[in-house]
Amino acid sequence: MLLKMYAWALAQVKSDEGATAVEYGIMVAGIAVVILATVFLLGGQIKTLFENVITALQ
């Protein structure tokens, strides 16, 4: 799906600056997906870690 969006966006843009902006947009979207996946997978463990730290500080 992202590849189709990328190809469509490149077809719509005629200058190199626009293509660069599209490439940066796709790169930012990919980084956001990685961050969300990491938070989803490790969120519970990180929450437990912070709760343990808070308990130890009290």
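May I ask you to list the residues in the stretch 39-53 that are among the β-branched types (V, I, T) and at pLDDT 95 or above?
Correct list: V53 only.
Name the pairs whose Cβ atoms lie under 9 Å apart, with the first residue in the stretch 6-27 and at negative phi and outside any helix (DSSP H, G or I), the second at pLDDT below 65 and open to solvent by less than 90 Å² (accessible area, probe 1.4 Å), and 6 or more positions between them or separate chains?
Hits for this filter: V13/A19.
Would you pick out the residues in the stretch 28-40 that are surrounded by 10 or more Cβ atoms within 10 Å (Cβ to Cβ) and more than 8 Å from the chain's Cα centre (by Cα)?
Of everything in the stretch 28-40, those that are surrounded by 10 or more Cβ atoms within 10 Å (Cβ to Cβ) and more than 8 Å from the chain's Cα centre (by Cα) turn out to be A37, T38, V39.
The values are calculated or read from the model by the stated rules, or taken from the named source; none is laboratory data. For clarity, every value in this text was computed on a predicted model and none was experimentally measured. Note that each Cβ is placed from the backbone with ideal geometry, even for glycine, and that neighbours are counted across all protein chains shown. Remember, those area values only see protein heavy atoms, side chains included, never the ligands or the DNA or RNA. Shrake-Rupley method; radii C 1.70, N 1.55, O 1.52, S 1.80 Å.
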